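Quick notes on the structure that follows.
What follows draws every value from the coordinates through simple rules; no lab data is involved. Computed from a predicted model, the values in this text were never measured in an experiment. In this analysis, Cβ positions are derived from the backbone assuming ideal geometry, glycine residues included, and neighbour counts consider all displayed protein chains.
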Amino acid sequence: MGSFWTEVTTLWAQGGFVMPWLVGSSLALWWAIGERAFTLRRGSRKGLDNLVETATRGPDTVPERGIVAAAIARVGRLAPHQRDEGHVREAVADLLVALDRHRVLITSLAATAPLIGLLGTVSGMIETFDALTTMSFHSSSGGIAGGISEALISTQMGLAVAIPALLVGRLLDQTQHRLEDELLALPELFAAHQARAHGGA
């Protein structure tokens with residue numbers, strides 16, 4: 001365990017002054033991703049049509065454990081003549097806003113991380129060229145080796161933060177679009193179930 005922390009401390013020191021920013025960005029990024037993933041829970045594995053049919057029999061039978069389930073339960077509590085697009089949008093307006101939570105933060109942090117890494121790269125290269133100019137291959141700041149190390153580590157760290165975040169962020173965006181489509185399809189589905197119920201009667 002001690003050797004692990006020694007390696008972490010060494011890596012932190014070699015990465016230069018951008019390392020605190022990169023580590024902080026990484027922590028904030030994965031916190032935001034976790035919050036967004038939790039918010040984008042659908043709430044049920046049942047199909048949308050099945051959930052709407054359940055809600056028409058009684059909205060309280062639909063568990064409100066996710067975005068879609070909560071929206072269907074809310075629409076199910078509306079009077080049948082209020083299940084038009086306008087009333088449904090009003091009933092689920094806060095859920096549609098919640099779908100977008102932390103998206104901008106994740107995109108911004110993921111896009112910024114490589115730039116912070118690039119700043120560390122430039123700093124490392126400046127240190128390297130300074131060492132070449134003064135012919136100080138070894139110095140208190142690390143000399144040529146220290147400059148190259150800072151440039152490479154900061155670049156690597158910036159990419160290591162950004163690439164997974166961009167991939168996961170894209171998957172979450174796709175989930176968001178799918179959930180939005182389901183919420184906006186609710187008026188039509190409730191109308192279809194209501195028409196079938198009247199037709200059956």
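Which net charge results for the neighbourhood of ILE144, defined as the other residues with beta-carbon distances under 12 angstrom from its beta-carbon, given Lys and Arg at +1 and Asp and Glu at -1? All intermediate terms of the calculation are to be shown ahead of the outcome.
On the way: positive: none; negative: GLU127, ASP130, GLU150.
After counting each charged neighbour, the total is -3.
Suppose we look only past 27 Å in the calculated P(r) of the stretch 41-194. What percent of the Cα-Cα pairs does that tail hold?
On the way: 5818 of 11781 pairs.
Considering the stretch 41-194, 49 percent of its Cα-Cα pairs are separated by more than 27 Å.
Report ³J(HN,Hα) in whole Hz for each residue of the stretch 165-178, in order, from the Karplus equation J = 6.51 cos²θ - 1.76 cosθ + 1.60 where θ = phi - 60°; Gly and Pro get x.
5, 5, 5, 5, x, 5, 4, 5, 5, 5, 4, 4, 4, 5
Would you kindly derive the ³J(HN,Hα) couplings of the stretch 14-19 from the backbone phi angles with the Karplus curve 6.51 cos²θ - 1.76 cosθ + 1.60 (θ = phi - 60°), listing them in order in whole Hz, with x for Gly and Pro?
Rounded to whole hertz, the list is 5, x, x, 6, 7, 4.
Under a Cβ-Cβ cut-off of 15 Å, what is the net charge of the residues other than ARG36 that fall near it, where Lys and Arg count +1 and Asp and Glu count -1? If you can, show how the numbers build up before the last one.
Working: positive: ARG41, ARG42, ARG101, ARG103, ARG170, ARG178; negative: GLU35, ASP100, ASP173, GLU180.
Value of the local net charge: +2.
In whole Hz, what ³J(HN,Hα) sequence does the stretch 23-40 give by Karplus (6.51, -1.76, 1.60; θ = phi - 60°), x for Gly and Pro?
Result, rounded to whole Hz: 5, x, 4, 5, 5, 5, 5, 6, 5, 5, 5, x, 4, 5, 4, 5, 5, 8.
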